[in-house]
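Undergrad: Before anything else, here's the structure in question.
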Amino acid sequence: MGIVVFYLRNKAEDAEGLPPDWQPQCLAYSDQQMSEALAQCQRLRADPRHAHVVMSSELRDMVGQIGVAAVEDGRTPDGEHYDWSKAGRAGMSRRNAMEPPKKRGSASNE
C-alpha cells in the first residue's frame, strides 16, 4: 500500500435536522496509481458529503534522496548543479545588484 486517501464522510447528511455524523474512511492505492488517487481526491472534494480529504504516500520508487542535504560551491553532494534559493521566489536576488534597493514612496523612485 503506497498511497492512501483519507477523508470524513457525513453519514447523517440525508437525515433532515440531524447534526453531521462524520465517519473516517480510507482508500488504498498502489504506487503506480497516483493519477487515480488524485482523481478520486478531486471527486471526494467536490461532494459536500465529504470533508478533510487528504492523501498520504510512501512512494518506494523515488529516485535519490528526498531534498538536498548540502550545497557547496553550487553543487549538491552527488555533483549536480544547484542554484535554487528561497529568496529567488520573490524576485531577482539583490546579491549582484548594481545599485542599492529603492524604497517605496521615495522621490527618486517615482
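Undergrad: Which one is surrounded by the fewest Cβ atoms within 10 Å (Cβ to Cβ) among residues in segment 6-50 that are assigned to a strand (DSSP E or B) and among the polar types (S, T, N, Q)? So that I can check it myself, show each step before the final result.
TA: As a first pass, look at segment 6-50 and keep what is assigned to a strand (DSSP E or B): 6-10, 22-29, 50.
Checking which are among the polar types (S, T, N, Q) leaves us with 10, 23, 25.
Working: Asn10: 18, Gln23: 11, Gln25: 13.
Checked segment 6-50; the qualifying residue surrounded by the fewest Cβ atoms within 10 Å (Cβ to Cβ) is Gln23.
Undergrad: Within segment 3-24, restricting attention to residues that are closer than 24 Å to Ser57 by Cα and without any contact (Cβ under 8 Å) to a residue 24 or more places away in the chain, which residue is farthest from the chain's Cα centre (by Cα)? Let's see the steps before the verdict.
TA: So in segment 3-24, the residues closer than 24 Å to Ser57 by Cα come out as 3-9, 22-24.
Keeping just the survivors that are without any contact (Cβ under 8 Å) to a residue 24 or more places away in the chain gives 23-24.
Details: Gln23: 25, Pro24: 22 Å.
That would be Gln23.
Undergrad: Mind checking which pairs have a first residue in segment 65-86 that is surrounded by 10 or more Cβ atoms within 10 Å (Cβ to Cβ) and modelled with pLDDT of 80 or more and a second that is small (Gly, Ala, Ser) and not in a loop (DSSP other than H, G, I, E, B), Cβ under 9 Å, 6 or more apart or different chains?
TA: Hits for this filter: zero, empty list.
The values are calculated or read from the model by the stated rules, or taken from the named source; none is laboratory data. Predicted model only: the values in this text are computed from it and were never measured. When we count neighbours, we look across all protein chains shown, and the Cβ atoms used for this are built from the backbone with ideal geometry, even at glycine.
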